[in-house]
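Input: a single structure, listed below in structure tokens.
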Amino acid sequence: MSAKVPNDQFEVYVFDGVPDSVKSAIEQVRRRAAVCHDLSLRVSDDNPRRYPAWVFGAVEPSQFIFHDGLDWASFLDTMAALVLDQLDTSHTAWRLHVFASMAGVPAASGPATVVVLQISHALADGTRASALAAWLFGRADPVPLISAPRRGSLLLRSVDAARTHRRLAHDIDSGVLPAPGKPRAPVLTNSAPAGVRRVRTVLRNRRALTGGTVTVSVLVAISSALAGYLAGRGEDSSQLAAEIPMADTGNRESRNHFRNIGVGLHPELPPAERAVLIAAALSAGRQRAEHPAAIASRRSFAAVPAPLLRWGVGKFDAAVRPAAVTGHTVVSSVHRGAADLRFGAVPVLFTAGYPALSPMMSLVHGVHGIGDTVAISVHAADSAGDIDDYVARLERALG
């Protein structure tokens with residue numbers, strides 16, 4: 001599917017200073033990568049009758065790319081361009097971009113070092129990719145291996161999926177389980193990405209984000225900012241919603257262990273009431289994810305024979321424009337733990353991320369916290385309008 005929709009992740013780690021030897025710091029990262037199972041993998045896809053397979057390969061010097069002479073503003077422009085240079089997972093599933101001696105970095109005490117982990121979504125979802133990055137930058141806990149279950153019978157698993165889906169529908173109809181949000185009409189931000197792409201990042205202290213969890217607080221702010229931005233361009237924002245990647249419950253049996261849910265943003269309500277409804281929608285999404293139907297659906301999909309799945313993916317047309325959408329933007333929120341990471345001896349200052357644009361999303365958000373600092377990032381194409389106008393509205397909404 002990544003051949004149809006580019007999906008590399010770009011995890012940004014900002015370190016407050018410059019190592020005495022950048023070369024030695026990179027070598028330290030390379031040694032840690034070489035002993036990490038996942039970071040020694042690449043894709044072999046040489047038989048159309050089988051699934052692609054993960055195979056081992058050495059960590060290569062070409063996976064480490066050094067950039068110099070940039071300030072923060074020019075880094076953001078470079079970052080937006082890097083998003084267009086996707087990985088070929090048959091050669092490597094990740095690479096590291098190192099930007100040393102960068103001036104003008106927000107909150108830095110002087111020249112800073114920015115390191116970007118570019119990693120294929122096929123190798124890891126946002127949570128697992130963050131754990132892999134933490135290993136590279138010195139966190140002691142190794143990333144646990146994934147024990148994939150036996151594929152099983154498609155017939156038996158499909159029967160189980162159909163049976164549990166009927167139970168899910170009954171539980172929703174009877175009020176035992178909250179219903180998912182309804183599809184919404186697309187707006188400007190659902191246009192196909194076109195024109196120049198840009199990224200921006202806003203920093204906030206975790207304690208300054210009041211009104212619930214970090215995710216809820218940021219969604220309340222996005223509701224205000226995006227509603228005003230769309231209204232100013234003649235768009236109807238009354239049904240505003242966000243698409244939220246949410247980690248699945250239970251044991252991790254795949255590299256991508258999450259599902260997307262639609263969450264209404266209720267811009268017409270006061271922020272406090274909005275926060276209650278957004279938190280309830282996130283909780284309802286978790287309840288549906290814990291239902292037996294969700295597990296049965298995943299296991300049934302995993303049993304689809306490779307030729308059939310290849311046929312289905314081949315029929316996917318990214319240019320088709322659906323009449324309704326799950327959300328009007330994506331908000332990917334990942335907590336990356338304590339501020340215990342180092343590049344050489346230099347401590348981490350903050351971390352950010354710029355989710356990929358999709359055929360139906362030309363403005364998306366990343367919310368990433370480490371220690372007490374939260375970075376709220378925006379990735380947008382010209383087709384979504386003026387990113388700087390939107391970010392200014394978002395900064396005001398964040399307080």
Any chance Arg298 is modelled with pLDDT under 90 and either in the same structural domain as Ala241 (by TED's automatic domain parsing) or farther than 29 Å from Ile222 by Cα (or both):
yes
### Task
Kindly establish whether Ala275 is modelled with pLDDT of 95 or more, crowded, with 19+ Cβ neighbours inside 10 Å and either under 27 Å from Gly250 (Cα atoms) or not assigned by TED's automatic domain parsing to the domain that holds Pro52 (or both).
yes
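For (1) assigned by TED's automatic domain parsing to the domain that holds Asp317; (2) acidic (Asp, Glu); (3) part of a strand (DSSP E or B), each residue gets a yes or a no:
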residue	(1), (2), (3)
Val348	no, no, yes
Val364	yes, no, yes
Gly369	yes, no, yes
Val374	yes, no, yes
Ala380	yes, no, yes
Asp389	yes, yes, no
Leu394	yes, no, no
Out of (1) at pLDDT 95 or above; (2) in contact with a Lys or Arg (Cβ under 9 Å, 6 or more places away or on another chain); (3) assigned to a helix (DSSP H, G or I), the one Gly285 does not meet is (1)
Counting only residues that are modelled with pLDDT under 95 and over 16 Å from Glu11 (Cα atoms), region 338-359 contains a total of 2
Could you tell me whether Ser254 is out of contact with any strand residue (DSSP E or B) (no Cβ under 9 Å at 6 or more places or on another chain), closer than 15 Å to Thr329 by Cα, surrounded by fewer than 16 Cβ atoms within 10 Å (Cβ to Cβ) and at pLDDT below 95?
-> no
Picked from region 238-257 (must be without any contact (Cβ under 8 Å) to a residue 60 or more places away in the chain and either small (Gly, Ala, Ser) or touching an Asp or Glu at 6+ places or on another chain (Cβ under 7 Å) (or both)), the residue farthest from Arg184 (Cα to Cα) is Gly250
inquiry  = Regarding region 259-268, can at least one residue be identified that is closer than 30 Å to Asp372 by Cβ, part of a loop (DSSP other than H, G, I, E, B) and either touching a residue at least 60 places away in the same chain (Cβ under 8 Å) or outside the structural domain of His328 (by TED's automatic domain parsing) (or both)?
reply    = no
Of the residues in region 53-80 that are under 20 Å from the mean Cα position of the chain (by Cα) and either in contact (Cβ under 8 Å) with a residue 60 or more places away in the chain or not in a helix (DSSP H, G or I) (or both), the one that is surrounded by the most Cβ atoms within 10 Å (Cβ to Cβ) is Met79
Only one of Val18, Val29, Val5, Val98 is in contact (Cβ under 8 Å) with a residue 40 or more places away in the chain and part of a strand (DSSP E or B), namely Val98
Checking Ser238, Ser254, Ser217 in turn, the sole residue that is part of a helix (DSSP H, G or I) and either more than 30 Å from Ala338 (Cβ to Cβ) or not β-branched (Val, Ile, Thr) (or both) turns out to be Ser217
With criteria (1) buried (at least 21 other Cβ atoms within 10 Å of the Cβ); (2) within 20 Å of the chain's Cα centre (by Cα); (3) touching a residue at least 60 places away in the same chain (Cβ under 8 Å), Gln86 comes up short on (1)
Here the residues within region 155-171 that are of a type in the set (A, V, I, L, M, F, W, C) and closer than 23 Å to Arg288 by Cα are Leu156, Val159, Ala161, Ala162, Leu168, Ala169
Flagged in region 305-319 as charged (D, E, K, R) and surrounded by 12 or more Cβ atoms within 10 Å (Cβ to Cβ), in numbering order, are Arg310
Considering residues that are touching a residue at least 12 places away in the same chain (Cβ under 8 Å) and either out of contact with any Asp or Glu (no Cβ under 9 Å at 6 or more places or on another chain) or assigned to a strand (DSSP E or B) (or both), the number found within region 292-308 is 6
Apart from one, (1) of a type in the set (A, V, I, L, M, F, W, C); (2) in contact with a strand residue (DSSP E or B) (Cβ under 6 Å, 6 or more places away or on another chain); (3) part of a helix (DSSP H, G or I); (4) surrounded by fewer than 20 Cβ atoms within 10 Å (Cβ to Cβ) all hold for Ala133; the odd one out is (4)
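The values are calculated or read from the model by the stated rules, or taken from the named source; none is laboratory data. Everything quoted here is computed from the prediction, not taken from an experiment. Cβ: placed from backbone, ideal geometry, glycine included. Neighbour counts: every protein chain shown.
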